[in-house]
Every structure is written in C-alpha cells, then in structure tokens.
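Colleague: The structure under discussion is supplied below as structure tokens; questions concerning it will follow.
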Amino acid sequence: MNLFRFLGDLSHLLAIILLLLKIWKSRSCAGISGKSQVLFAVVFTARYLDLFTNYISLYNTCMKVVYIACSFTTVWMIYSKFKATYDGNHDTFRVEFLVVPTAILAFLVNHDFTPLEILWTFSIYLESVAILPQLFMISKTGEAETITTHYLFFLGLYRALYLANWIRRYQTENFYDQIAVVSGVVQTIFYCDFFYLYVTKVLKGKKLSLPMPI
C-alpha cells in the first residue's frame, strides 16, 4: 500500500458512491449504461472470489465487499428499482464483443493456469474495456449529465492513480505485473479524450458531449 494506491481506491469508491447517489436521489437511471454496470459487477465478482481463500487485511476485505455490494446494488437499481427510467434504446453496445475476447485472452495469457487466477486475469482484461458501453451511450445521446461526467472522471482518475501506484511499486519493491499494467494503460487511454472534454467543458459549466460513433 502506498499513497497512490490509497488515493486510487478513494477515487474509485467516490465514483461508485456518486453514481449510486445520483440514481437514488433523482429516482432515475437515465443516461447510465446498465451494460457497463453489469460488466463491472462481473469484474468484481470474478476478481474477489479469493475473499473465501485469501485474507490480506481488514481494509482489503472491506473494500472488496463494498465494491461487490455496490456494483450489484447499482445493477438492481437500473434493471429493477428504477427500470422504467432506464434508456435501453441507447444502451446498445454489443458486450459480447468485450466479454468473449477478454475471456479467451485470460485463458491464453495469465500468470498461472488455475481457476482463480484465470478469473482474476479475466477481470483485469474486462475492466479495461467495461466502460465502453457507457462512453458509447453518451456518444449516441449526444450529451451526459454533470453527475455522470463526475462519475466517469473519478473512474478515470482511479486508473491514472493506479498507474502511478505501479510505477511506485516498481521503484520501491521491484514489483511489476505486466498484465495489470498493460490493461491499466489501455483503460486509461479510453479516458484520455473524456479527460480533455471534462476539463474544457464540464468544469466551465458546459454540458459534455462526445462525437457520434461512426
């Protein structure tokens, strides 16, 4: 654990809380991609199955439980509690194009060919692209609510801070996880255009819009 890892965790947690509060207070999940949230629920479930086999610390265990609980709560709100407000007509990204390739890649490229390790690797690969349905949805609708953009910003910040965490760990511990680093770089790249628009538009009080998909 170092400062970058801790701040990354806080940024990740803040993003999730912002999204939950947005849905609960507005009683609406308009503008939120249910497909992205399902993918994140799959990510956390696959990654944290070691809750039953590997205890690291109270902090680590609590964060894992919170991530899983929040992700499934978000999915429940979108597809059950506030289902009438869910905009499925715009949430049309083909998630099988993300799940199938990352699952195959997890079988082919992993640290150890065991069930838990393959699931962990799959979660790393899938997380790197799980936000694409949300970005695709914004590009189709043409704009996003301010709270939604804040959620995306803190998610992107979490990945950027984790990159700094890996650099720090390499410097201090000589530790380098190629799978996590490469996947994290790919995920951060997806946020780069969003970061620019966030700084130039959202922070100046303008509505964020992304180019329409080709």
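Colleague: So residue 34 fits all but one of (1) open to solvent by 30 Å² or more (accessible area, probe 1.4 Å); (2) more than 17 Å from residue 128 (Cβ to Cβ); (3) at pLDDT 95 or above; (4) not aliphatic (A, V, I, L, M); what number is the exception?
Modeller: For residue 34, the failing item is (1).
Colleague: Moving on. Which residues, taken from the range 46-72, are open to solvent by 50 Å² or more (accessible area, probe 1.4 Å) and either in contact (Cβ under 8 Å) with a residue 60 or more places away in the chain or polar (S, T, N, Q) (or both)?
Modeller: 49, 53, 54
Colleague: Just to be sure, is residue 32 part of a helix (DSSP H, G or I), out of contact with any Pro (no Cβ under 6 Å at 6 or more places or on another chain) and of a type outside the set (Ser, Thr, Tyr)?
Modeller: Criteria not met by residue 32.
Colleague: Now for a different question. Take the residues of the range 146-196 that are charged (D, E, K, R) and in a helix (DSSP H, G or I): which is farthest from the chain's Cα centre (by Cα)?
Modeller: Taking the candidates together, the pick is 173.
Colleague: In the range 179-199, how many residues are modelled with pLDDT of 80 or more and open to solvent by 70 Å² or more (accessible area, probe 1.4 Å)?
Modeller: Summing the residues that are modelled with pLDDT of 80 or more and open to solvent by 70 Å² or more (accessible area, probe 1.4 Å) in the range 179-199 gives 3.
Colleague: Another one. Looking at the range 106-117, is at least one residue of a type in the set (A, V, I, L, M, F, W, C), at pLDDT 90 or above and buried (at least 20 other Cβ atoms within 10 Å of the Cβ)?
Modeller: So far as the range 106-117 goes, yes, one or more of its residues are of a type in the set (A, V, I, L, M, F, W, C), at pLDDT 90 or above and buried (at least 20 other Cβ atoms within 10 Å of the Cβ).
Colleague: Please find, among 151, 125, 176, 170, the residue that is surrounded by 22 or more Cβ atoms within 10 Å (Cβ to Cβ), of a type in the set (Phe, Trp, Tyr), modelled with pLDDT under 95 and on the phi < 0 side of the Ramachandran plot.
Modeller: 151
Colleague: If you check every pair at least six apart or on different chains, which have Cβ atoms under 6 Å apart with a residue in the range 22-38 that is closer than 14 Å to residue 87 by Cα first and a residue that is in a loop (DSSP other than H, G, I, E, B) and of a type in the set (Gly, Ala, Ser) second?
Modeller: Hits for this filter: 36/130.
Colleague: Hey, residue 84 hits all of (1) of a type in the set (Gly, Ala, Ser); (2) open to solvent by 70 Å² or more (accessible area, probe 1.4 Å); (3) in contact with a Pro (Cβ under 9 Å, 6 or more places away or on another chain) but one; which does it fall short on?
Modeller: Result: residue 84 fails condition (3) only.
The values are calculated or read from the model by the stated rules, or taken from the named source; none is laboratory data. Here the structure is a predicted model, which is why all the values come from computation and not from measurement. In this analysis, Cβ positions are derived from the backbone assuming ideal geometry, glycine residues included, and neighbour counts consider all displayed protein chains. Accessible surface is based on the protein model in full, side chains and every heavy atom, while ligands, DNA and RNA are left aside. Shrake-Rupley method; radii C 1.70, N 1.55, O 1.52, S 1.80 Å.
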